[in-house]
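The values are calculated or read from the model by the stated rules, or taken from the named source; none is laboratory data. It should be emphasised that the depicted structure is a prediction, and the values quoted were computed from it without experimental measurement. Quick reminder, even Gly has a Cβ in these numbers, built from the backbone with ideal geometry, and neighbours come from all protein chains shown. We work out accessible area using only protein heavy atoms, side chains counted, and drop any ligands, DNA or RNA first. Shrake-Rupley method; radii C 1.70, N 1.55, O 1.52, S 1.80 Å.
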Amino acid sequence: MVYEDLKQKVAVITGGSKGIGNAIAERYGKEGMSVVINYNSDQQGAEQVVTKIIATGGQAIAVQADVSTEAGVQKLVDTAVKQYDHLDVWVNNAGMENQHPTTELSLKDWQRVIDVNLTGVFLGSKAALNYFTSHNKKGNIINMSSVHEQIPWPTFAHYAASKGGVKLFSQTIAMEYAARNIRVNAIGPGAINTPINAEKFTDPEQLKTTTSMIPMQRIGDPKEVAAAAAWLASDESSYVTGITLFVDGGMTLYPAFQDGRG
Ligand code: NAD
């Protein structure tokens, strides 16, 4: 345990069945938090992290819900309150991507990525804000953005648009609810070793290309993103709201200019 104040706080983490969400759930469990771990289809992944948390003396429950639906996010609020009495931290982590030249990007693929990555963040934030404000409670929302809220990404236009949206949505609600003691921040991961990137990072050529774009010259571990999510959830970041905390090994530093190029 690193952050004493997190003990016994209650968190909802969307998309916690694998990757970054899974690592955040595990870290929150280690901090002594009670964790509602959302999954959409991968029940086994979510149950595995629940078992891990319970084995180390923590509390966790896996809940199926599609974050792109109002009923889904409400189910997560209701479960947190029913199971653990209240809610303190909401992490909108669920996300997806697929690659298409924009001329071939179907409306269906555009819509689904926006629905999960952006509308899901809106719906999750709205449900959490409604809970915090109606209970007159201090609250904390963490939205998983990406370096692509800042860096354009050809052939991933829908993904980049969704993350650009997450950035300004997060900043806007951070401002809107700051006086009510509700903090809203985003995390912008760079290239992290999760199932979303599995194919890319098992190909040595692609891995080399990716690492060449990272000043620290390595891809990140989900635990390094989870560490940022623990700090942002804790009172150690009590005066921080409306930021994107990049966890990217320097990817957003314009690495093409390395060694005085340009
Ligand atoms: P991942 O594919 O390993 O995990 C994504 C999670 O989201 C899964 O658990 C999946 O089941 C869940 N999910 C997808 N659609 C959902 C839905 N409709 N409802 C509920 N859950 C749903 O990916 P990851 O790398 O762990 O990504 C997590 C977040 O981090 C995403 O928002 C992603 O865009 C962002 N991100 C990842 C990286 C990276 O390099 N891995 C970089 C930048 C941003």
*Looking only at the stretch 209-223, decide whether some residue is under 29 Å from Ile173 (Cβ atoms) and in contact (Cβ under 8 Å) with a residue 40 or more places away in the chain.*
yes
*For Val35, state whether it is within 16 Å of the ligand (Cβ to nearest atom), β-branched (Val, Ile, Thr), buried (at least 21 other Cβ atoms within 10 Å of the Cβ) and within 20 Å of the chain's Cα centre (by Cα).*
yes
*Out of (1) outside any strand (DSSP E or B); (2) in contact (Cβ under 8 Å) with a residue 40 or more places away in the chain, what's the single condition that is false for Asn38?*
(1)
*asked:* Given the criteria part of a loop (DSSP other than H, G, I, E, B), surrounded by fewer than 23 Cβ atoms within 10 Å (Cβ to Cβ) and out of contact with any Phe, Trp or Tyr (no Cβ under 7 Å at 6 or more places or on another chain), does Gly72 qualify?
replied: no
*Are there any pairs, at least 6 apart or on different chains, whose C-beta atoms fall under 9 Å, with the first in the stretch 235-262 and farther than 20 Å from Ser146 by Cβ and the second open to solvent by 90 Å² or more (accessible area, probe 1.4 Å) and among the aliphatic types (A, V, I, L, M), and if so, which?*
Glu236/Val2
*asked:* Go through the stretch 165-207 and report how many residues are free of Cβ contacts under 8 Å to residues at least 24 places away in the same chain, of a type in the set (Ser, Thr, Tyr) and more than 16 Å from the ligand (Cβ to nearest atom).
replied: 1
*Being open to solvent by 10 Å² or more (accessible area, probe 1.4 Å) and more than 14 Å from Asn92 (Cα to Cα) is the filter; apply it to the stretch 8-17 and report the residue that is nearest to the ligand (Cβ to nearest atom).*
Lys9
*asked:* Taking the criterion of being within 12 Å of the ligand (Cβ to nearest atom) and surrounded by 15 or more Cβ atoms within 10 Å (Cβ to Cβ), would at least one residue in the stretch 126-139 satisfy it?
replied: no
*asked:* With the structure loaded, tell me whether Gly45 is within 14 Å of the chain's Cα centre (by Cα), within 13 Å of the ligand (Cβ to nearest atom) and closer than 27 Å to Glu199 by Cβ or whether it fails that test.
replied: no
*Could you grab me the full set of residues in the stretch 90-116 that are open to solvent by 50 Å² or more (accessible area, probe 1.4 Å), outside any helix (DSSP H, G or I) and within 12 Å of the ligand (Cβ to nearest atom)?*
Met96
